[in-house]
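See structure below.
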Amino acid sequence: MNAIDLIITVCALASPTTCEETHLVFSSAVSPRQCAMAAQPYIAQWIGEHPKWTAVKWRCEYPSNNQKASGEPVWSMV
C-alpha cells in the first residue's frame, strides 16, 4: 500500500493570521484527488481534537523525504 500525505492548513481561532500546516499520513491506494475528496471526516476529527484551530484549506500529496508527517498512517482505504 502507498502512503499519501493529507496536508491541512489550520489557523488559530484567537488569531486568524496565525496559521500553520499539519500533516497526516494515510495508507491508501487512492490518488491525491480521491484523498482530498475523502478527507473531510478526518479533518473534522482533527479539528474536534484541536478546538482552538480551524481548517482553512487542505490538499493531498505523495510524501517526499523533506516533509514532516505525524507518524504512522491514520487511515487506510483499499
The stretch 1-40 pair-distance distribution - Cα-Cα, 5 Å bins, rounded %: 6, 23, 24, 18, 12, 10, 6, 1
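Using a probe of 1.4 angstrom, how much of the accessible area of the stretch 10-63 is carbon and sulfur, in percent?
Working: 1920 of 3400 Å².
For the stretch 10-63, the apolar C and S fraction of the accessible surface comes to 56 percent.
In percent, what relative contact order does the stretch 1-42 have, based on Cα pairs under 8 Å that are 6 or more apart in sequence?
Numbers: 49 pairs, mean separation 18.5, N = 42.
That works out to 44 percent.
The values are calculated or read from the model by the stated rules, or taken from the named source; none is laboratory data. Every value quoted in this text rests on a predicted model; they were computed, and no experiment measured them. Just the protein is used for accessible areas: all its heavy atoms, side chains included, with ligands, DNA and RNA removed. Shrake-Rupley method; radii C 1.70, N 1.55, O 1.52, S 1.80 Å.
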